[in-house]
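Each remark here refers to the structure printed beneath this line.
Derivation of every value follows stated rules applied to the coordinates shown; laboratory data play no part. Given the structure is predicted, the values throughout are model-derived calculations rather than measurements. Every residue, glycine among them, receives a Cβ derived from its backbone with ideal geometry; neighbour counts consider all protein chains shown.
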Amino acid sequence: MPNLVSRLARVLLGMALLALAATPSLAADKLTTVRIDWAYYSPVSLVLRDKGWMDQEFAKDGIKVQWVLSLGSNKALEFLNGSSVDFGSSAGAAALMAKANGVPIKSVYVFDKPEWTALVTLKNSPIHTVEDLRGKRIAVTRGTDPHIFLLRALALHHMKSSDVKMVLLQHPDGRVALERGDVDAWAGLDPYMAETELEKGSRLFFRNPDLNTYGFLSTREAFAAAHPDIVERVLTVYEKARKWSLAHPAELRAIVAKAARLDDAVAARDLERNDLSSGLIGKTQRDCIVAAGGVLKESGIIPADTDIEKTADALINPQYIVRVTKRFEAKQ
C-alpha cells in the first residue's frame, strides 16, 4: 500500500508540474516595466516625458515606465526588433519597410502628420533642383522617412540612387556634415532641419509634403497579444498629450525647445510643419505608405516579391485607437 501511495503521489506531482509548465504563472505574466521611446521628431512624446502622465498612469499598478531615446526611425525599429522597447516611433514608410523585412510589429497610432523632411543644402550652394544632385554627396539616414523621401524625389525626376553618392549618417550628424561642407546636400529631418535653416541660412531646395509619411507608433506583435490592455492605456495617455498639445501651443513650443535644446524660433518653425489633429490610424495612412512601397521595391530596400498592400494591411491595426477614441467621445 505505501508503494501504491508513493507511486500515486509521484503521478500527481508529475501532473502538477506539467500543468505548471503548460500554464505560465501569474508572476511570469506580471508586467513590471513598459518601455517607450521618445524622439525629437515626435512632439507628443516630448510632452509625455515632460508632464509625467505616462509614468503616473502605470505607477498605480507598480509598473515602471522606461523612456528610451530614438534618434531616427531606423533606431526605433531596431529597438522594437530587439525587444529593447515595447513602443517605438517611426515614419510610416519606415515601419512598412521593417514589416516587409520580417520585423514583427503592429502600427497602432499616428503621433503626427508632418512635413518633417526635405532636401537641404547650404545657403550659397549651386544646388537648386533635384537634378543638380547628380554625382553629388548626400547625407542620409538609411531606413527613415528622409531616406525614402530622397528615393522618391529622385524617382520623380527620373533618377536612381546610383546617380548620387549617399553618405550614411544619423540625422544630427547629417546636419553637421552639411554645415561643414563634407556633403553637398542632406535629406533633412526636423528639428535639426529647422535649426540649420534659421541659424545657418541653409535652404530647403526640394519640398513635397505628400512625400512625407505619417508618424507611426508601433508595438511588437507579441507584446500586443499578451497585453492588449496596456496598449490601450498607452494610447489613452498619448491622446491626452496630443489633445493638450493642440490646446496649449505656447507651452508645447517651450517643451520642444527645452527637450531638444532649441531656441524658441527654431521650435516654432519645427512645429509649423507638424499636424497633430488626429491620432487615428487606418485607410488614409495605409494608402500613404503603399504609395511609397513601389520605390522601396525598386531600390532593393524591401524584397522584390513583397506584396505591398498585404504587408500594409498586416502592419496597421486600428482597433486599439478606435476603442480609445470611442471612450473619449463617450465622456464628452
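Computed quantities for the displayed model
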read-out	value
Karplus (6.51, -1.76, 1.60) ³J(HN,Hα), θ = phi - 60°, over segment 62-73, in Hz, Gly and Pro reported as x	x, 9, 8, 9, 9, 9, 10, 6, 10, 8, x, 4
DSSP beta bridge pairing in the chain, given as percent antiparallel to the nearest 5	55 percent
Directionally averaged shadow of segment 203-332, computed from the convex hull of its alpha-carbon atoms, nm²	10.7 nm²
Options PHE216, ILE255, ASN274, ranked by Cα towards positive dipole end of segment 215-297, top entry (Cβ charges)	PHE216
Over segment 81-120 - Rg/Rh using Cα atoms and the Kirkwood inverse-distance radius	1.00
Taking the convex hull of Cα positions in segment 119-211, its mean projected area over all directions (nm²)	5.1 nm²
Of all DSSP beta bridges in segment 119-211, antiparallel share, percent nearest 5	45 percent
Cα lying deepest toward the dipole's positive end in the chain, options ALA225, GLY201, SER125, charges on Cβ	ALA225
For the chain, built as a Gaussian network whose Cα springs stay under 10 Å, the top-fluctuating residue of SER73, SER89, SER278	SER278
The chain - charge dipole about Cα centre, Lys and Arg +1 at Cβ, Asp and Glu -1, debye rounded to 20	720 debye
Tilt relative to the chain, helix 283-298 - C-alpha long axis, 0 to 90 degrees, to 10	70 degrees
Loop trypsin sites (Lys or Arg not before Pro), segment 234-332 (other Cβ atoms within 10 Å of the site Cβ: 13 or fewer; DSSP)	ARG261
Scattering curve values for the chain, log₁₀ I(q)/I(0), Debye with Cα scatterers, q = 0.07, 0.14 Å⁻¹	-0.33, -1.08
Those lysines that a straight Cα-Cα span of less than 26 Å connects to LYS258, excepting residues fewer than 8 apart in one chain	LYS51, LYS64, LYS75, LYS113, LYS200, LYS240, LYS243
